[in-house]
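Reading through the structure tokens given below for one structure.
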Amino acid sequence: MSTGRTSRVTHCLALLLVCAAPAARAAGPWTQAELRRLGRDLGEYVTAHHIQRNPKSPQDGMVCKWYRARDGRWVSDTGRNMLGDGAWFADALCLYYRATREPWALSVLQKYPLPFYERVLTNSDNLFGVSKGICPLWWNDGTAIARAGPAVKGFPKPPRMTSNALALDLAAMLMSAGLLCRDVETATAATCLLRGDRECYDDPTVPLPLGVAVAMLANDEMLQTRCLPLIPWQNYDGPAGALADALCHNRTNSAPAALEEAMLNYRMHTLAQPLQPLGANFAKNFIATVYSSLRLADLWHDNDPRQPGLTPFDDAALTVGEKLAFYRSDKPALPLGTRHGPMLLCGAAIALQLMEAFPAAWEGWYRQLHAADARVSEKFADLPALAKSGPVEMAWTTSSLLIRARGPLKLLLASATPGDDASATVSLDAAGRATAASGHRAALRIITTRQADGRVELEIPFTMAKSQKRWLNAVEDSRWIAKLDGGAPFGLLFLSRSETVRARLALELSDGLRYWQKLFNDKGCVPATIATGKLPATAGDELSDAAGYAFLIAAIGEYSVWLNGERDWELALKVQAKP
């Protein structure tokens, strides 16, 4: 690790002691040797325990989703997507190898999961009696058992034997493998996946990433012309991603899906680089989506600080509207899953690389189009207009709007989005008594604290906070309209400072990987679920989960890239495996 990079990481972690929510502190900075040792330990565990080895079987090289150490059995669930984990593992090996050039990662990739999926997609007509390009949701020969005990054998019967979710997992893996290996088999498998019989799917729609994968891997100029302009995030015009849209406009979305879509968009942009360079607009969208996912995970933990690297987004099936579907305090016995926490770590490492490659991207939209608006950040700053009682300061946190002022004061707040009627009126009298009411005259929860200088600090939880009534939410680049004491209206734009975002992402990544390192060492595996606190263990706690390893290995690879001062998307075009 270079001295300059060490200094930046140390500064990031020190800054978070002041500006971040309380979190368990971890050991010292990671070294490349430590990261590589952990990555290899995780990869070797999957190779030793999750992969079928039988050269005479078409399932040779298949990565089994769950392994149970107490009896050495693979465990399956015919109601789930059981073959997506192997695709994530193969993808992680690609990312890890191009980050580290460690031969073991390439050897495992080329010996087991990659040829397995190429075999399935190019021979599914012979294996399952359907068209080429079909990978079933599950497939077992009796070596795996169901959670309830009996052996599992066979595969889903057509129609509806696969899903778009699995197809997207496979597309992401083929994109990474195609860049690394550059072989005909990978391009052929991608072409088969695109052209597979849609009667076998849960959704007749063909996802765009399949077209992008074939366009680039098979050098299909017609598909390049049709698909590449459709890749999301060529432009930026406001709050980024599905989470922002849900929170600000009450359009229900899935928190896990938003992060997965961001990671898939990254794969498409990386693959399309020769014809469509990755730029600042993509960088802003990606960073904002990852950072919003991180803050949303913090918000969900409403009754205790969240452990970095651990999120509720697996078994919680968390949905977002103007509020979360439920909060940690609602289901304290809910075990936490092990897939999206590591995925968030991988996203954080890529976001850090993007922040350094495109340093103006985070604040570009604000500075170019909305610099006249008062910026609201995590640090208190004066509003541009004076109240009758003097200056008014404003800041924000993940869950609340913060105001410091003297009374009397009347502050009107409204969304700047056309057609959005969300608003509120905040009043503070000369004695320091405060009230807040929504535009529909519902009394809002407000917390007041008198300052030593006589001012009053007001904290008004956003709509997304569990116990608040409906008024307004704020995410990065949200725009509101404000009016002080009946004066002229002015704009507010919510945007965290780039140094805070960078530091928060760095802390999540460093401490999150420390958490998983300790868990892996203590338990001997990466479990499917985690019982937190004093909660009893569940059945998932004893299942080793292939997806958890995959995203941790990917996160380690991306973290190594960042620590080296490199950029993964550039390495993707440079690092190629020998035939």
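Derivation of every value follows stated rules applied to the coordinates shown; laboratory data play no part. Just so it is clear, the model here is predicted, and its values are computed rather than measured. We place every Cβ from the backbone using ideal geometry, glycine too, and count neighbours over all the protein chains shown.
For region 37-228, state the average projected area of the convex hull of the C-alpha atoms over all orientations, rounded to one decimal in nm².
Result: a mean projected hull area of 11.0 nm².
In the structure displayed, which of K331/K379; K111/K157; K466/K518; K56/K132 lie more than 23 Å apart, Cα to Cα?
K331/K379; K111/K157; K466/K518
If you count, for each residue, the other Cβ atoms within 10 Å and average over each peptide, how do 414-427, 183-196, 230-243, 337-350 line up from highest to lowest?
337-350, 183-196, 230-243, 414-427
Scan around A146 for amide H atoms under 5 Å from its own, H built in the peptide plane at 1.01 Å from N, and keep only partners 5 or more places away or cross-chain.
Placed amide hydrogens put S76, A151, V152 under 5 Å from A146.
Name the residue from A151, W104, L170 whose Cα lies farthest towards the positive end of the charge dipole of region 37-228, charges +1 on Cβ of Lys and Arg and -1 on Cβ of Asp and Glu.
A151
Mind pulling the angle between the C-alpha long axis of helix 208-217 and the longest principal axis of the chain? Nearest 10 degrees, somewhere in 0 to 90.
For 208-217 against the chain, the angle is about 60 degrees.
Among T319, T529, rank each residue by its count of other Cβ atoms within 10 Å, from fewest to most, as a rough exposure measure.
Final ranking by Cβ density, sparse to dense: T319, T529.
Applying the Karplus parametrisation 6.51 cos²θ - 1.76 cosθ + 1.60 with θ = phi - 60° to the phi angles of region 99-107, what ³J(HN,Hα) value in whole Hz is obtained for each residue in order, glycine and proline being reported as x?
Once rounded to whole Hz, the list reads 7, 10, 6, 6, x, 4, 5, 5, 4.
With a/c under 1.5 counting as rounded, go ahead and sort region 452-579 into rounded, prolate or oblate using the C-alpha gyration tensor (a ≥ b ≥ c being the square roots of the eigenvalues; past the cut-off, prolate if a/b is larger than b/c, else oblate).
Oblate.
Can you compute the charge dipole magnitude of region 37-228 about its Cα centre, using +1 on each Lys and Arg Cβ and -1 on each Asp and Glu Cβ, nothing else charged? Give it in debye, rounded to the nearest 20.
Magnitude of the dipole: close to 500 debye.
Run the dipole for the chain about the Cα centre, Lys and Arg Cβ at +1, Asp and Glu Cβ at -1, nothing else charged, and hand back the magnitude in debye, nearest 20.
The dipole of the chain has a size of about 820 debye.
If we count other beta carbons within 10 Å of each Cβ, what is the order of K323, K153, K469, fewest first?
The fewest-first ordering by Cβ neighbours comes to K153, K469, K323.
Along each of its three principal axes, how wide is the spread of alpha-carbon positions in region 271-365, in whole angstrom units, largest first?
Reported extents, whole Å, longest axis first: 48, 25, 22.
Sort 284-293, 370-379, 116-125 by the packing proxy (mean of other Cβ within 10 Å over each peptide's residues), most packed first.
In decreasing order of mean packing, 284-293, 370-379, 116-125 become 284-293, 116-125, 370-379.
Starting from the Cα gyration tensor of region 378-494, take the square roots of the eigenvalues, sort them a ≥ b ≥ c, and report rounded, prolate or oblate (rounded when a/c is under 1.5, otherwise prolate if a/b is larger than b/c, else oblate).
rounded
Rounded to the nearest 10 degrees, what's the angle between the helix 546-563 long axis and the longest principal axis of the chain, both from Cα atoms, 0 to 90?
Roughly 60 degrees between the two axes.
In straight Cα distance, which aspartates and glutamates are under 16 Å from K153, not counting same-chain residues fewer than 8 positions off?
By straight Cα distance, K153 reaches D60, D77, D141.
With log10 I(q)/I(0) by the Debye sum over Cα atoms at q = 0.05, 0.07, 0.09 Å⁻¹ as the read-out, I listed [x] -0.31, -0.57, -0.83; [y] -0.27, -0.50, -0.76; [z] -0.22, -0.44, -0.71; which label goes with the value calculated from this structure?
The calculated read-out lines up with [z].
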